[in-house]
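Participant: Quick one: the structure is below, questions incoming.
What follows is calculated from the coordinates using simple rules that are stated; it is not laboratory data. No experiment lies behind these values; they were computed from the predicted model shown. Quick reminder, even Gly has a Cβ in these numbers, built from the backbone with ideal geometry, and neighbours come from all protein chains shown.
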Ligand code: DX5
Ligand code: ZN
């Protein structure tokens with residue numbers, strides 16, 4: 001099965017956000033991946049509601065919002081109102097993760113949980129059947145353009161095992177350092193959704209690069 005492709009807007013040209021969003025509309029991208037960073041959960045600040053609103057004005061595809069923020073429960077409803085169709089919070093940022101996941105679902109959005117590279121996958125054992133998405137960080141969150149962490153393959157396998165064992169419908173999304181080279185093995189291990197930022201936006205022809213990623217099959 002071909003993957004869902006979620007280009008990360010973080011790597012786009014912010015001075016031309018309308019054109020970038022319209023380019024993604026024309027492409028084979030399935031979702032637009034939106035990275036929200038607060039300078040507290042991660043050592044970087046990306047953008048907030050006004051910029052997301054500008055993207056929402058032009059976007060014709062689901063907004064896949066990845067919250068790299070502390071206390072995400074304070075902002076779930078506002079992200080939903082600003083067009084988020086998938087809302088992903090970090091395991092490491094949520095003391096009451098079950099409550100926060102239910103809060104996301106109550107807004108009508110799909111609920112995802114993201115794991116940093118060091119967080120054991122089996123910590124999701126008792127929440128996996130509540131989730132629509134597991135986001136496996138394949139770099140440490142905070143910046144685009146980082147090197148893919150090889151241990152990610154093992155983590156995808158374990159996540160897939162957990163999903164199958166518990167009868168969960170959660171999709172597996174991989175975020176960080178994804179490119180045409182590692183995509184086939186990511187799919188082979190069980191990835192469903194590929195996020196790609198710099199690989200798409202630094203390429204000469206982003207529409208073609210997205211099409212190439214979309215046509216990847218497992219090794
Ligand atoms: C990193 C973000 C990623 C990032 C991916 O913290 O969550 O979504 O934009 O960018 P690339 O594909 O360049 O690693
Ligand atoms: Zn992300």
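Participant: Along the Cα→Cβ direction, 7 angstrom out, place labels at residue 45 and residue 161. What is the inter-label distance in nm?
Facilitator: For the pair residue 45/residue 161, the computed spacing is 4.3 nm.
Participant: Counting DSSP beta bridges in the stretch 2-82, what percent are antiparallel, to the nearest 5?
Facilitator: 10
Participant: For residue 107 and residue 202 in the same chain, what is the full-extension length gain: residue separation times 0.36 nm, less their Cα-Cα distance, in nm?
Facilitator: Full-extension gain reported as 30.7 nm.
Participant: Give me 94, 57 ranked fewest to most by other Cβ atoms within 10 Å of their Cβ, as a rough exposure proxy.
Facilitator: 57, 94
Participant: By DSSP, what percent of the beta bridges with both residues in the chain are antiparallel, rounded to the nearest 5?
Facilitator: Numbers: 1 of 34 bridges.
Roughly 5 percent of the DSSP beta bridges within the chain come out antiparallel.
Participant: Over the Cα atoms of the chain, what radius of gyration and what Dmax do you get, in Å?
Facilitator: Using the Cα atoms of the chain, the pair Rg, Dmax is 15.9, 46 Å.
Participant: Which order, highest average first, do 1-9, 35-43, 159-167 follow once you tally other Cβ atoms within 10 Å for each residue and take the mean per peptide?
Facilitator: 1-9, 35-43, 159-167
Participant: Determine, from the Cβ-Cβ distance of residue 26 and residue 140 and an R0 of 35 Å, the FRET efficiency 1/(1 + (r/R0)^6), rounded to the nearest 0.05.
Facilitator: 0.60
Participant: Give me 33, 98 sorted ascending by neighbouring Cβ count inside 10 Å, so fewest comes first.
Facilitator: Ascending Cβ contact count within 10 Å gives the list 98, 33.
Participant: What's the FRET efficiency of residue 169 with residue 18 using the Cβ-Cβ distance as r and R₀ = 41 Å, to the nearest 0.05?
Facilitator: After rounding, the FRET efficiency stands at 0.70.
Participant: I'd like the distance separating the alpha-carbon centroids of the stretch 148-219 and the stretch 98-124, in whole Å.
Facilitator: 19
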